[in-house]
Amino acid sequence: KASKWTVMAYVKTFDDITGHWAASDIRLMASRQIVKGVSDELFAPGDPVTRAQFTALLQRALGLEEEEPAEATFTDVQPGTWYYGSVETAYRAGLVKGVGDGTFRPNARITRQEMAAMIVRAMEFDGRAPSIPAAQIDAVLGNFSDAAKISGWAREAAAAAVETGIISGRPGPTFAPKAE
């Protein structure tokens, strides 16, 4: 039995990314429907990224189908919000956690240490877990003058993100764990 297939290409761009350092990456991720703009025409590449936006990016990048349970996991992530399905899906996949008080803080700007933790969890979910022996964590992070400012819960992930080249430091050299 013969089958007919059609190959289609989807190319997406935004009016406000021309000349931006990440324009080609934004186009690629938009064409793969991993990122969306703030409107059909605008991406807002200079705007800070929220915890909900980054969660949605990871959920889409891993191709996880959104789950929308009747009961919300977090008190501040409720059904009907644009990010509800992404956050619930990412939570169930182990990509994200709350902030310890039953909330997720979806509209808070994501920090570099939060981003490192979420990326490393996504890699673990995808079977590409970077592993840093406990004895090497301090050595890897010791290259940064502000290593002591990296929260205890984020140290292993920060070291793994640095060791794999996913996150690099800033001039100083600093990790800037709480920077956006």
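How much length is gained if the chain between S24 and S131 is pulled fully straight, taking 0.36 nm per residue apart and subtracting their Cα-Cα distance, in nm to one decimal? Let's see the in-between values first.
Details: separation 107, 0.36 × 107 = 38.52 nm, distance 3.02 nm.
Contour length minus Cα-Cα distance gives 35.5 nm.
Taking trypsin sites (Lys or Arg not before Pro) as exposed when DSSP calls them loop (any state but H, G, I, E, B) and at most 12 other Cβ atoms lie within 10 Å, what is the longest stretch of the chain free of them, the sites themselves excluded?
Working: sites that count: K1, K4, R128.
That would be 5-127.
What FRET efficiency comes out for A148 versus V49 if R0 is 30 angstrom and r is the Cβ-Cβ distance? Round to the nearest 0.05.
Values: r = 25 Å, r/R0 = 0.84.
It comes out at approximately 0.75.
Taking a probe of 1.4 Å, how large is the accessible area per residue of the chain, in Å²?
Values: 10750 Å² over 180 residues.
On a per-residue basis, 60 Å².
Would you mind computing Rg(Cα) / (2.2 N^0.38 Å) for the stretch 58-180, counting N as its residues?
On the way: Rg = 15.4 Å, N = 123, 2.2 N^0.38 = 13.7 Å.
Rg over 2.2 N^0.38 Å, computed on Cα atoms: 1.13.
Express in Å², to the nearest 10, the accessible area of D126 obtained by rolling a 1.4 Å probe over the protein heavy atoms while all chains stay in place.
The value for D126 is about 80 Å².
Kindly give the semi-axes, whole Å and largest first, of the ellipsoid equivalent to the stretch 1-135, taking each as the square root of 5 times a Cα gyration tensor eigenvalue. Walk me through the numbers before you get to the answer.
Values: eigenvalues 139, 81, 68 Å².
They are 26, 20, 18 Å, listed from largest to smallest.
I want to check a number: in the chain, how many lysine pairs have alpha carbons closer than 29 Å, given a sequence separation of 8 or more or different chains? Please list the in-between numbers first.
Working: K4/K12; K12/K36; K36/K97; K36/K178; K97/K149; K97/K178; K149/K178.
Lysine pair count for the chain: 7.
Please list, by residue number, every one of the chymotrypsin sites (Phe, Trp or Tyr not before Pro) in the stretch 76-180 that is coil in DSSP and has at most 11 other beta-carbon atoms within 10 Å. Numbers along the way, then the final one.
Numbers: sites: W82, Y83, Y84, Y91, F104, F125, F144, W153, F175; in loops: W82, Y83, F104, F144, F175.
Taking the stretch 76-180 and a limit of 11 other Cβ atoms within 10 Å, the loop chymotrypsin sites (Phe, Trp or Tyr not before Pro) found are W82.
Ordering T13, T174 by how much accessible area each has at a 1.4 Å probe, largest first, what is the list? List each step's numbers first, then the result.
Details: T13 70, T174 35 Å².
If we order T13, T174 from most to least accessible, we get T13, T174.
How large, in percent, is the carbon and sulfur part of the accessible surface of the chain at a probe radius of 1.4 Å? Numbers along the way, then the final one.
Working: 5540 of 10750 Å².
Answer for the chain: carbon and sulfur cover 52 percent of the accessible area.
Which order do V49, V11 take by accessible area at a 1.4 Å probe, largest first? Before the final figure, lay out each step's value.
Working: V49 60, V11 120 Å².
Final ranking, largest accessible area leading: V11, V49.
Using alpha carbons only, how many angstrom separate the centre of the stretch 13-83 from the centre of the stretch 115-180?
Taking the Cα centre of each part, the stretch 13-83 and the stretch 115-180 sit 23 Å apart.
The values are calculated or read from the model by the stated rules, or taken from the named source; none is laboratory data. Since we're looking at a predicted model, the values are computed, not measured. Note that we place each Cβ from the backbone using ideal geometry, even for glycine, and neighbour counts take in every protein chain shown. SASA here: full protein model, heavy atoms, side chains in, ligands and nucleic acids out. Shrake-Rupley method; radii C 1.70, N 1.55, O 1.52, S 1.80 Å.
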